[in-house]
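The structure appears right after this line, and notes come after that.
The values are calculated or read from the model by the stated rules, or taken from the named source; none is laboratory data. The structure displayed is predicted, hence computed values, not measured ones. For neighbour counting, all protein chains shown are included, and Cβ atoms are generated from backbone atoms with ideal geometry for every residue, glycine included.
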């Protein structure tokens, strides 16, 4: 079963890919190429995205034109930095693979790796 | 006999001496999961010890002037009207340990709930921005630096940057993903939350400070060990290096970054698990330590 979040992702995906403001009608028509979906459903979910602050909208004639507030890359970078604990708020929520290191530490790391390489060869 | 002095002594030993011994010991890096269990056993033992000591101090023993209420009274503080009332002392004796328990449990719940709220918000955004890869069992985010992290919990996600997918070999990539799955499967977020909860109640206690400081590293090692069960140490170590080196800021010093080095040396060095007999006795001690204050407070056959 498709969840609300999936439709949200589908809508955002199209707006990011098109890289231009679009109407709900255009999004519905595009989704309809693969599966049937009601106009009102897409309109409701687009409105939710607007209220959550993911989309901007402006009127053109009688239709609303929607566009993402930020690019996919900008969101991804913010999320990554948040997830990697580089933002100021670091709750125990996210566990990340490696922490940031200083240049000296990276050099020490490189040396440790080289030593192992040498041991493996000999 | 009032067990208060013994309890206070025991609790102080657990809170102040035991963490120092554990920090100096060599085995925790060889058995990180056991070490994490020992830290938690010490925290449980300390909490029970404090609660029982409070009970015994507040409880009037041989005569009314013993115990905390009697002491306050003899020091000129008037707790209630007139002579110390045994009923009040009794209520205090029960209320103190109960309060300690309630504070600890609610602190844990607070940390779990707050972390979950942060994760949920983050996960919803990740689901919108990233693309889920069924093959990797991870969500891929467009990001120019190889990096990975996980959102543990009920709707867990492993998040990995597309640069990591591009630049790491498949062996390295799988080792990293296995490491993250280790965090999720081991429910490490709950372990961390317990440590955080204990720390926010006993903020200045060496046990609380050291446990909170040491726990993330131990859990990383547990996840490393899980990755090493299926992947070579070279793959994990080189992936670790790629990720750590790529994120190094020019000229900036980051706090606590040296833990990667400790982990890397551990992954690459000769890994020898402690002797089973040693492992077994430490595990037995870890299991017994939380019960010790109870034995001190109510010795079987004496009460």
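Evaluation of residue B:166 against the conditions (1) in a helix (DSSP H, G or I); (2) more than 10 Å from chain A (Cβ to nearest Cβ); (3) without any contact (Cβ under 8 Å) to a residue 40 or more places away in the chain; (4) within 30 Å of residue B:196 (Cβ to Cβ) shows that the sole unmet condition is (4).
Of the helices (runs of 4 or more DSSP H) that lie entirely inside region A:36-122, those containing 3 or more residues that are modelled with pLDDT of 70 or more and away from chain B (no Cβ under 12 Å) span A:39-52. Scanning region B:257-287 for residues that are in a helix (DSSP H, G or I) and in contact (Cβ under 8 Å) with a residue 40 or more places away in the chain returns B:259, B:262, B:263, B:266, B:267, B:278, B:279, B:282, B:283, B:285, B:286, B:287.
To keep it simple, each residue is scored yes or no on (1) at pLDDT below 90; (2) more than 20 Å from the chain's Cα centre (by Cα); (3) on the phi < 0 side of the Ramachandran plot.
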| residue | (1), (2), (3) |
| --- | --- |
| B:215 | no, no, yes |
| B:225 | no, no, yes |
| B:228 | no, yes, yes |
| B:232 | no, yes, yes |
| B:235 | no, yes, yes |
| B:243 | yes, yes, yes |
| B:251 | yes, yes, no |
| B:275 | no, yes, yes |
| B:302 | yes, yes, yes |
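On the stretch given as region B:177-215, residues that are over 18 Å from residue B:118 (Cβ atoms) and not in a helix (DSSP H, G or I) total 5.
Selection of region B:119-139 for residues being more than 30 Å from the chain's Cα centre (by Cα) and surrounded by fewer than 19 Cβ atoms within 10 Å (Cβ to Cβ) yields B:131, B:132, B:133, B:134, B:135. Any chance region B:206-217 includes a residue that's buried (at least 24 other Cβ atoms within 10 Å of the Cβ), within 12 Å of chain A (Cβ to nearest Cβ) and touching a strand residue (DSSP E or B) at 6+ places or on another chain (Cβ under 9 Å)? No: zero hits. Selection of first residues in region B:178-202 that are in contact (Cβ under 8 Å) with a residue 40 or more places away in the chain and of second residues that are in a loop (DSSP other than H, G, I, E, B) and surrounded by fewer than 18 Cβ atoms within 10 Å (Cβ to Cβ), restricted to Cβ pairs under 8 Å at least 6 apart or on distinct chains, gives the following pairs, ordered by first then second residue: B:181/B:137.
Taking the numbered list (1) crowded, with 21+ Cβ neighbours inside 10 Å; (2) touching a strand residue (DSSP E or B) at 6+ places or on another chain (Cβ under 7 Å) in turn, residue B:184 passes all entries but (1).
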